[in-house]
Protein chains: 2
Amino acid sequence: MASISVNSPADFHVHLRQGSLAALVAPHVKKGGFDLAYVMPNLKPPVTTTIQALEYKQELERIDPSVEYLMTLYLCPEITPDEIRKAKAAGISGVKSYPRGVTTNSDGGIESYETYYPIFEAMEEVDMVLNLHGEIPSDADSNTHILNAEPKFLPHLLKIHAKFPRLRIVLEHATTRAAVEAVKSCGPTVACTITAHHLALTVDDWAGQSWNFCKPVAKFPDDRSALRNIIIEGHPRFFLGSDSAPHLPHNKSTSTPTHGCAAGIYTSPILLPLVAHLLESFGALERLEGFVSDFGRAFYKRSIRSGNRKVVLRRPAEGKDLINEKYVLGADSVVPFWAGREIGWEIAED
Amino acid sequence: MASISVNSPADFHVHLRQGSLAALVAPHVKKGGFDLAYVMPNLKPPVTTTIQALEYKQELERIDPSVEYLMTLYLCPEITPDEIRKAKAAGISGVKSYPRGVTTNSDGGIESYETYYPIFEAMEEVDMVLNLHGEIPSDADSNTHILNAEPKFLPHLLKIHAKFPRLRIVLEHATTRAAVEAVKSCGPTVACTITAHHLALTVDDWAGQSWNFCKPVAKFPDDRSALRNIIIEGHPRFFLGSDSAPHLPHNKSTSTPTHGCAAGIYTSPILLPLVAHLLESFGALERLEGFVSDFGRAFYKRSIRSGNRKVVLRRPAEGKDLINEKYVLGADSVVPFWAGREIGWEIAED
């Protein structure tokens, strides 16, 4: 295949940050081939009210008005059923739940779900989406650690789904065979995002290599096979959410004996070519449009806005491009996943 | 307990390097409370002949003649049964086997054991010890990765032991419950070293924290419990081998998108206080002398040399010491495990 045309790609999980870092990374949504960004609310402070979410949306639209931003709230004890109805009326799409302490800016995350049942009931009623970061916190006494934190979370997913069968739920950035099987076993209201980098990495790749460290961590080869196979299968409840998460290079590259590096992998500026490259590597290139556009848009009920482009990927002139070493704006810079490595697709400029 | 006296501690697995780095780290064996160092042969080039091993021993004795150095050869196709007999006659203690590519300077490691049966036969005959780095290389197709590389190695241990029941074998730096169980199931000729850092760490501690990254990687809380429990039990075939492995700080602290950091944790200069601190933390302080001296010396048949000291540990003046941030010699420096952290024991100076 010499070129591929994809209907208005949509990234259903992305971190766009604030301030100067947002000014650098928000334009990378479009640069990476995407017209829609489902924006995570884990800012400092987290986005917990409709007003904050709308202000944040305005900030992003000032940076790049050509992208459709779908906004989320950060699930916390302050959120009320009334706030849910207000958020829905204001066009906010979902509510993100973070278990306490498991990833960047999740110190205010939740500890148990029962207390949120009134919120879930309101969400079900107004048809807002619940986005689950599906890990439980590590605990040595119960042998819970970062490699089984996702499988141990899955009973929570199944329980919420059983209790609220009409509530649309997305298990975010699945990394394990167990998660894929759990989502498959659910009804049509439960979907799952998969990142680009989890289609590439395993635990061996982030051991001693901080640039490949993210949460949830990449798991075992068999888990990666499960993620790849559900894409090969073309299952419509599994679609792209990049979890692209920029950090300044000094926070990614260096650790001291007392401080580790930041968790997160940055894929936004190369996202569509990267996903095409990866899907091609395991024989799923024909699933590209479903995975990066149709399936997610159908689940989220987001049809393509008028005027949105078809994005065309082509083979680079030499057969391969090299991924940029970094992207800079003012004093800030970010380094993309696979920096300096070869990639077999590029976006054809308009 | 206000002080503890330990008979001539012996570290049955340590990396002392060469040249200027050896000049910095070899004196740390004694500084850390140890009178005997069982020295690993993974230099550049590896130590594969009796002559090289004796030259290396002389280099170490020039740096610190007060330590007893037990030398090893690096198992490779060039080693012959004749070389084994020559090595034994020259006082060399063991032969170390590294699977290819699994750790620092192991590119020349072995791929299968059958071809070494004539070597093992000669070793059994002259009573040399076989030291096994017990991991198989990662392989995505068979779902082999750094977290199951040790359990998947264990059938090799059992097979060699069955074939050469009189050959003394040490499974080095065990990290898993499976390894502990396998060694327990063997006869009296099979023993196992345990490092200090694997008594402290789990996978969560090295994720995104390169200073805690070593090979084999620290595993799960349940595995750590198995290591701790076999020490609590006072099993005489499980004893300390620190696997203390110095790297220059820039090789530990920093990764680039194309290069990860070095694998290895440096414990030599604080080793005896650290082991005492850790054993005390899980209620095994009474096992200290067995674990760091008696058990290993009995297995290796190394009685205490005349003139060797009893090492006394005491409580620091303020109840806690802070571990040094680094150790420097000339242009070289090394950062110890737990740098800057509190530790509850110190060596009483003579």
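The values are calculated or read from the model by the stated rules, or taken from the named source; none is laboratory data. Please read these numbers as outputs of a predicted model, since none were measured by experiment. A quick note on method: Cβ atoms are made from the backbone with ideal geometry, for glycine too, and the neighbour counts reach across all protein chains shown. Ligands, DNA and RNA are excluded from the accessible area calculation, which covers all protein heavy atoms including side chains. Shrake-Rupley method; radii C 1.70, N 1.55, O 1.52, S 1.80 Å.
Any residue that is within 14 Å of chain A (Cβ to nearest Cβ), farther than 16 Å from B:Gly264 by Cα, aliphatic (A, V, I, L, M) and open to solvent by less than 20 Å² (accessible area, probe 1.4 Å) - is there at least one of those in segment B:188-203?
Scanning segment B:188-203 turns up no residue that is within 14 Å of chain A (Cβ to nearest Cβ), farther than 16 Å from B:Gly264 by Cα, aliphatic (A, V, I, L, M) and open to solvent by less than 20 Å² (accessible area, probe 1.4 Å).
Restricting the search to segment B:246-263, which residues are open to solvent by less than 10 Å² (accessible area, probe 1.4 Å) and among the small types (Gly, Ala, Ser)? Full working, then the answer.
Filtering segment B:246-263 for residues open to solvent by less than 10 Å² (accessible area, probe 1.4 Å) gives B:246, B:252, B:255.
Selection gives B:Ser255 alone.
List the pairs whose first member sits in segment B:217-229 and is at the interface with chain A (Cβ under 10 Å from one of its Cβ atoms), whose second member is assigned to a helix (DSSP H, G or I) and surrounded by fewer than 19 Cβ atoms within 10 Å (Cβ to Cβ), and whose Cβ atoms are under 6 Å apart, counting only residues at least 6 apart or on separate chains?
What qualifies is B:Pro221/A:Ala140.
Go through B:Ala298, B:Ala317 for me and flag whichever is free of Cβ contacts under 8 Å to residues at least 24 places away in the same chain and not in a strand (DSSP E or B).
Criteria check complete, one pass: B:Ala317.
Restricting to segment A:304-320, what's the tally of residues that are at pLDDT 85 or above and surrounded by 14 or more Cβ atoms within 10 Å (Cβ to Cβ)?
Residues in segment A:304-320 being at pLDDT 85 or above and surrounded by 14 or more Cβ atoms within 10 Å (Cβ to Cβ): 8 in total.
Hey, can you tell me all the residues within segment A:133-161 that are touching a residue at least 24 places away in the same chain (Cβ under 8 Å) and touching a Phe, Trp or Tyr at 6+ places or on another chain (Cβ under 8 Å)?
Hits for segment A:133-161 are A:His133, A:Gly134, A:Glu135, A:Ile136, A:Leu147, A:His156, A:Lys159, A:Ile160.
Of these, A:Lys326, A:Lys301, which one is open to solvent by 20 Å² or more (accessible area, probe 1.4 Å), basic (Lys, Arg) and within 20 Å of the chain's Cα centre (by Cα)?
Working: A:Lys326 fails: within 20 Å of the chain's Cα centre (by Cα).
Of the residues listed, the single one that is open to solvent by 20 Å² or more (accessible area, probe 1.4 Å), basic (Lys, Arg) and within 20 Å of the chain's Cα centre (by Cα) is A:Lys301.
Would you pick out the residues in segment B:148-178 that are open to solvent by less than 10 Å² (accessible area, probe 1.4 Å) and within 14 Å of another protein chain (Cβ to nearest Cβ)?
B:Ala149, B:Glu150, B:Thr175, B:Thr176
Filter segment B:59-114 down to residues that are in contact with a His (Cβ under 7 Å, 6 or more places away or on another chain), polar (S, T, N, Q) and at pLDDT below 90, then give me how many there are.
Residues meeting the conditions: 1.
The rows are residues; the columns are (1) within 17 Å of the chain's Cα centre (by Cα); (2) more than 12 Å from every other protein chain (Cβ to nearest Cβ); (3) at pLDDT 95 or above.
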| residue | (1), (2), (3) |
| --- | --- |
| B:Pro249 | no, no, no |
| B:Ser253 | no, no, no |
| B:Thr258 | no, no, no |
| B:Leu272 | yes, yes, yes |
| B:Ile343 | no, yes, yes |
| B:Glu346 | no, yes, yes |
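Report yes if some residue within segment A:267-280 is free of Cβ contacts under 8 Å to residues at least 24 places away in the same chain and assigned to a loop (DSSP other than H, G, I, E, B); otherwise report no. Don't jump to the end; show me each part of the working.
Our first condition is that a residue be free of Cβ contacts under 8 Å to residues at least 24 places away in the same chain; within segment A:267-280, this holds for none.
Checked segment A:267-280: no residue is free of Cβ contacts under 8 Å to residues at least 24 places away in the same chain and assigned to a loop (DSSP other than H, G, I, E, B).
What are the pairs with Cβ atoms under 6 angstrom where one residue, in segment B:29-44, is under 22 Å from B:Leu171 (Cβ atoms) and the other, located anywhere, is basic (Lys, Arg)? Sequence gap at least six, or different chains.
Cβ pairs passing all conditions: B:Pro41/B:Lys96.
Can you spot a residue in segment B:284-291 that is part of a loop (DSSP other than H, G, I, E, B) and either more than 27 Å from B:Lys320 (Cβ to Cβ) or charged (D, E, K, R) (or both)? Walk me through how you get there before you give the answer.
Step one: filter segment B:284-291 for residues part of a loop (DSSP other than H, G, I, E, B), giving B:284.
Filter once more, keeping what is either more than 27 Å from B:Lys320 (Cβ to Cβ) or charged (D, E, K, R) (or both): none.
No: segment B:284-291 contains no residue that is part of a loop (DSSP other than H, G, I, E, B) and either more than 27 Å from B:Lys320 (Cβ to Cβ) or charged (D, E, K, R) (or both).
Just to be sure, is B:Leu21 farther than 22 Å from B:His277 by Cα and either among the β-branched types (Val, Ile, Thr) or out of contact with any helix residue (DSSP H, G or I) (no Cβ under 8 Å at 6 or more places or on another chain) (or both)?
On the way: farther than 22 Å from B:His277 by Cα: yes; either among the β-branched types (Val, Ile, Thr) or out of contact with any helix residue (DSSP H, G or I) (no Cβ under 8 Å at 6 or more places or on another chain) (or both): yes.
Yes.
Here is a list: A:Lys31, A:Lys86. Which entry is among the charged types (D, E, K, R) and farther than 25 Å from A:Glu125 by Cα? Break it down stepwise before answering.
Details: A:Lys86 fails: farther than 25 Å from A:Glu125 by Cα.
Being among the charged types (D, E, K, R) and farther than 25 Å from A:Glu125 by Cα holds for just one of A:Lys31, A:Lys86, which is A:Lys31.
How many of the residues in segment A:173-208 are part of a strand (DSSP E or B) and farther than 21 Å from A:Leu288 by Cβ? Break it down into steps so the answer makes sense when it comes.
Keep residues of segment A:173-208 that are part of a strand (DSSP E or B), which gives A:190-194.
Next, from what is left, pick out any that are farther than 21 Å from A:Leu288 by Cβ: A:190.
Counting residues in segment A:173-208 that are part of a strand (DSSP E or B) and farther than 21 Å from A:Leu288 by Cβ gives 1.
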